[in-house]
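The values are calculated or read from the model by the stated rules, or taken from the named source; none is laboratory data. As the structure is a computational prediction, the values presented were derived from the model and not from experiment. Here the Cβ positions follow ideal geometry from the backbone for every residue, glycine too, while neighbour counts run over all protein chains shown.
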Ligand SMILES: NC(=O)c1ccc[n+]([C@@H]2O[C@H](COP(=O)([O-])OP(=O)(O)OC[C@H]3O[C@@H](n4cnc5c(N)ncnc54)[C@H](O)[C@@H]3O)[C@@H](O)[C@H]2O)c1
């Protein structure tokens, strides 16, 4: 197939920006449309805010003349392909599709016969075939699946994971008609090495929710086990190492201080909401997993309290150094980070809290209400703390130095080794 010339990507965040870079790389003329003026200014100045895209990559995309970051809707005119990669958060426990609706309305104004629109944002089954299809059809007067093509292809990138590049991750594709599926697949065949066609968008939407619910539930399982094992005096990490030697029928997940980011705390609730509203059933696994994972930051604070108590110290007035505020290793993403909840709780209990995380911006810049002292990872900083808590397992931390110089470490990620270290 000859490459269509113009691809619009609505939303230039963790998902949209890497996609835009890949589309430029394979030869498209790409418009990166985002309503956030600050982000677009940074993109135009070749200053990346997403770890998986380097500023050098951005710079060469701009220099190619085939990447235009913009807040200007008129730049979307005459698009041949449009991808929607905007947030799908929760509002009062249910899906908030405001951003998808806004993006759809903006695209409808420029939608011409023969063009292709693909939703990549995570959402409940039916979003593409019902909500988005209706909205586009109303907005442009053309029929989805006949006059223009429409499909869903869930994004699967794993920010901070250098092992799987976007083009190496197989992509599930779907369309609202056979012709739409063919158009969606033909497009993604130019973007990634392997596409997997499913019969309808709702199966593709469910596939994405299954993937994230699977992780959420399994993380909750090991978190509950970790709490039980700590009380029973059993080393859950060693038990997991042993279980993971089974060559089939087992997939390892690790305990941690809770789940964060845009996916795990949110996506399973889209599925539970859909199940409740479409067939009137409660998704008990998701409720239980939410319950366990939501409790983890409080559990970590409880363990911090016990660790200090053993040394005849109270949390109130103690110096606590947190290692890692991002929810995920080697990323700057603090959305829904359990580390922030741990920090907030420690501060409210009177601890003097400092943090080390070279990946993140100051949390107050992200709207976090509690002010925390930012520290550098030095022997001095580690040794004066009454307690060091490892919350994010970034690779740029010298865990050996931490274990050597800290009076006491509560390691929720199993990265430190030594006499003074205790694990979740
Ligand atoms: N972050 C991940 O690892 C990941 C992985 C797979 C899927 N997803 C899903 O992809 C979607 C996007 O997530 P993200 O992490 O990239 O979000 P993000 O917040 O990093 O980026 C979204 C961008 O969309 C912009 N935006 C919002 N409404 C807009 C509109 N109407 N017009 C133009 N721009 C608009 C925002 O300004 C923001 O820059 C979500 O549904 C998410 O669940 C995320």
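Filter the stretch 255-283 down to residues that are over 20 Å from residue 156 (Cα atoms), assigned to a helix (DSSP H, G or I) and touching a helix residue (DSSP H, G or I) at 6+ places or on another chain (Cβ under 9 Å), then give me how many there are.
3
Residue-by-condition table, conditions (1) within 19 Å of residue 319 (Cα to Cα); (2) surrounded by 18 or more Cβ atoms within 10 Å (Cβ to Cβ); (3) away from the ligand (no atom under 16 Å from the Cβ):
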{"position": "334", "(1), (2), (3)": "no, yes, no"}
{"position": "348", "(1), (2), (3)": "yes, no, yes"}
{"position": "367", "(1), (2), (3)": "no, no, no"}
{"position": "373", "(1), (2), (3)": "yes, no, yes"}
{"position": "376", "(1), (2), (3)": "yes, no, yes"}
{"position": "385", "(1), (2), (3)": "yes, yes, yes"}
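Only one of 147, 235 is under 21 Å from residue 117 (Cα atoms), more than 14 Å from the ligand (Cβ to nearest atom) and touching a residue at least 12 places away in the same chain (Cβ under 8 Å); which?
Result of the check over 147, 235: 147.
Against the conditions (1) at pLDDT 95 or above; (2) in contact with a helix residue (DSSP H, G or I) (Cβ under 7 Å, 6 or more places away or on another chain); (3) surrounded by 17 or more Cβ atoms within 10 Å (Cβ to Cβ); (4) over 19 Å from residue 218 (Cβ atoms), where does residue 339 fall short? Just the number, please.
Just one mismatch for residue 339, condition (2).
Checking the condition in a helix (DSSP H, G or I) and under 22 Å from the mean Cα position of the chain (by Cα), which residue from 186, 207, 162, 182 passes?
The conditions single out 207.
Suppose we keep only residues that are without any contact (Cβ under 8 Å) to a residue 24 or more places away in the chain and surrounded by fewer than 19 Cβ atoms within 10 Å (Cβ to Cβ) within the stretch 387-403. Which one would you say is nearest to residue 337 (Cα to Cα)?
Looking at residues that are without any contact (Cβ under 8 Å) to a residue 24 or more places away in the chain and surrounded by fewer than 19 Cβ atoms within 10 Å (Cβ to Cβ), I get 398.
Name the single residue, out of those in the stretch 229-249 being in a helix (DSSP H, G or I) and touching a helix residue (DSSP H, G or I) at 6+ places or on another chain (Cβ under 8 Å), that is farthest from residue 417 (Cα to Cα).
This residue is 229.
Given the structure, is residue 117 on the phi < 0 side of the Ramachandran plot and touching a strand residue (DSSP E or B) at 6+ places or on another chain (Cβ under 8 Å)?
Criteria met by residue 117.
For every residue, the table says whether it meets (1) within 8 Å of the ligand (Cβ to nearest atom); (2) crowded, with 22+ Cβ neighbours inside 10 Å; (3) part of a strand (DSSP E or B).
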site: 61; (1), (2), (3): no, yes, no
site: 68; (1), (2), (3): no, no, yes
site: 74; (1), (2), (3): no, no, no
site: 79; (1), (2), (3): no, yes, no
site: 83; (1), (2), (3): no, yes, yes
site: 102; (1), (2), (3): yes, no, no
site: 106; (1), (2), (3): yes, no, no
site: 114; (1), (2), (3): no, no, no
site: 121; (1), (2), (3): yes, yes, no
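Just the residues that are in a helix (DSSP H, G or I), within 14 Å of the ligand (Cβ to nearest atom), in contact (Cβ under 8 Å) with a residue 24 or more places away in the chain and crowded, with 17+ Cβ neighbours inside 10 Å, please, taken from the stretch 23-59.
Passing the criteria: 39, 40, 43.
If you go through the stretch 85-100, how many residues are at pLDDT 95 or above, out of contact with any helix residue (DSSP H, G or I) (no Cβ under 7 Å at 6 or more places or on another chain) and either more than 9 Å from the ligand (Cβ to nearest atom) or in a strand (DSSP E or B) (or both)?
Within the stretch 85-100, residues that are at pLDDT 95 or above, out of contact with any helix residue (DSSP H, G or I) (no Cβ under 7 Å at 6 or more places or on another chain) and either more than 9 Å from the ligand (Cβ to nearest atom) or in a strand (DSSP E or B) (or both) number 1.
Only one of 289, 326 is in a helix (DSSP H, G or I), crowded, with 19+ Cβ neighbours inside 10 Å and either free of Cβ contacts under 8 Å to residues at least 40 places away in the same chain or touching a helix residue (DSSP H, G or I) at 6+ places or on another chain (Cβ under 8 Å) (or both). Can you tell me which?
Working: 326 fails: in a helix (DSSP H, G or I).
Step by step, each of 289, 326 is checked, and only 289 is in a helix (DSSP H, G or I), crowded, with 19+ Cβ neighbours inside 10 Å and either free of Cβ contacts under 8 Å to residues at least 40 places away in the same chain or touching a helix residue (DSSP H, G or I) at 6+ places or on another chain (Cβ under 8 Å) (or both).
One residue is enough: does the stretch 239-258 have a residue meeting the conditions within 16 Å of the ligand (Cβ to nearest atom) and within 24 Å of the chain's Cα centre (by Cα)? Spell out the reasoning first.
Just the residues of the stretch 239-258 that are within 16 Å of the ligand (Cβ to nearest atom), to begin with: none.
Scanning the stretch 239-258 turns up no residue that is within 16 Å of the ligand (Cβ to nearest atom) and within 24 Å of the chain's Cα centre (by Cα).
For residue 66, only one of the following conditions fails: (1) touching a helix residue (DSSP H, G or I) at 6+ places or on another chain (Cβ under 8 Å); (2) over 28 Å from residue 267 (Cβ atoms); (3) free of Cβ contacts under 8 Å to residues at least 40 places away in the same chain. What is its number?
Here residue 66 clears every test but (3).
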